[in-house]
1. Can you give the accessible area of Ser146 in Å² (nearest 10), computed on protein heavy atoms with a 1.4 Å probe?
2. Please list, ordered by chain and number, the residues whose modelled amide H lies under 5 Å from the amide H of Ile311; skip anything fewer than 5 residues away on the same chain.
3. What's the magnitude of the charge dipole for region 163-287 around its Cα centre, counting Lys and Arg as +1 and Asp and Glu as -1 at the beta-carbon? Answer in Debye, nearest 20.
4. Could you list which residues have their amide H under 5 Å from that of Met189, counting only those 5 or more apart in sequence or on another chain, with H placed in the peptide plane?
5. If you average the C-alpha positions of region 51-71 and of region 264-328 separately, how far apart do those two centres end up, in angstrom?
6. Just how large is the dipole of region 104-215 about the Cα centre, in debye to the nearest 20, putting +1 at every Lys and Arg Cβ and -1 at every Asp and Glu Cβ?
7. Using a 1.4 Å probe, what is the accessible area per residue for region 114-189, in Å²?
8. Can you tell me the order of 164-170, 242-248 when each peptide is scored by its average per-residue count of other Cβ atoms within 10 angstrom, highest first?
Amino acid sequence: MKNPNGHEIIQLFEQFSPKGLAMEGDRIGLQIGRLNKKVERVMIALDVLEDVIEEAIEKNVQLIIAHHPMIYRPLKNVLTDTVQGKMIEKLLKHDIAVYAAHTNLDVAKGGVNDLLADALGIEAAEVLVPTYETVLKKIVVFVPSSHAESVRKALGDAGAGFIGNYSHCSFSANGTGRFLPGDNTTPYMGQAGMLEEVDEVRIETIIPEQQLKKAITAMIKAHPYEEVAYDVYPLENQGEVLGLGRIGKVSEMTLGEFAKKVKAALEVDTVRVVGDLTAKVKKVAVLGGDGNKYFMNAKFKGADVYITGDIYYHTAHDAMMQGLNMIDPGHNVEKVMKKGLTATLQKLCTNSGYVVEIFPSEVNTDPFQFI
């Protein structure tokens with residue numbers, strides 16, 4: 001067990017929510033401070049506001065991971081007599097780093113939209129708006145039969161061999177490996193200067209490109225040879241499709257009944273509803289944040305109701321004309337990511353042997369009140 005630094009924690013986080021999933025131009029990554037320091041406490045926040053920073057200072061936090069970027073529009077200057085400048089000054093004085101994961105966390109499996117779909121009881125949820133297709137590679141490695149199983153396991157544990165709901169998928173074939181160890185070598189088998197023949201196993205498996213380096217590192221560590229012979233091939237196979245929003249089925253009920261379920265499930269006092277409250281609802285689409293421009297994706301995919309935040313007046317009219325019901329529980333329901341990401345990142349850190357406390361911010365950052 002070890003106390004990790006910020007780079008090690010973010011490296012784990014980006015395995016779960018890679019930067020490459022983010023929409024073009026999104027402001028993600030490290031925004032304030034540094035990661036080359038020991039981190040004992042990490043706070044997960046939806047927004048980074050002054051109250052959230054005060055909470056982090058009080059709780060001796062070294063790293064804040066936030067969904068909404070603190071710096072979304074490029075800064076021309078940092079003036080410490082402005083509200084934003086004072087916030088940045090406080091963070092720097094207390095050596096608190098701020099890392100933002102925005103649309104990459106929306107898209108990621110187990111991210112914001114999956115958490116919203118789970119909270120609403122949406123079954124067999126699929127991607128609503130495809131934005132990313134995983135690029136697949138094939139790894140082929142040659143290993144002595146004595147170590148074939150350990151190498152197969154290392155590759156599978158590192159994320160190779162996932163096909164649908166199956167993991168650790170691979171193919172093996174027996175053969176003969178030949179090599180001539182040169183001077184200054186200490187071969188696992190054979191002697192320097194003598195041609196060696198070894199019973200070897202060819203192992204091949206599939207791997208998403210973003211996990212390739214991790215899998216190769218694990219494979220080499222498990223392999224007994226000084227120099228590991230392996231190949232990496234590009235594949236034309238379609239990879240996993242990821243994207244914004246989710247769509248799936250719920251138990252049939254009226255729009256009015258489902259609106260009440262949304263209020264309870266997402267812990268909001270009010271929702272705005274577009275449509276006939278007596279209409280039947282069975283297929284549901286949800287997209288966290290402002291999903292106005294994607295309402296036709298929900299319509300084309302057969303949704304009875306589309307749940308998203310910040311619905312515009314004219315978008316509501318357009319949806320009504322298309323016969324699509326809508327529910328707006330507000331943008332702040334993305335707060336579901338605080339507990340969800342806390343649990344995910346804590347598990348990743350624990351499995352990696354990291355001693356670090358991760359917890360959600362308790363500050364309510366919803367700017368709206370209803371009276």
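The values are calculated or read from the model by the stated rules, or taken from the named source; none is laboratory data. This structure is a prediction, so every number in the text was calculated from the model and none was measured. Virtual Cβ from ideal backbone geometry, glycine too; neighbours counted across all protein chains shown. Protein only, heavy atoms only, side chains kept; ligands, DNA and RNA dropped before computing areas. Shrake-Rupley method; radii C 1.70, N 1.55, O 1.52, S 1.80 Å.
1. In the full protein context, Ser146 sits at about 90 Å².
2. Those qualifying (amide H under 5 Å, at least 5 residues apart or on another chain) number zero.
3. Computed charge dipole of region 163-287: roughly 1280 debye.
4. none
5. 32
6. It comes to approximately 220 debye.
7. 56
8. Answer by packing, highest mean first, reads 242-248, 164-170.
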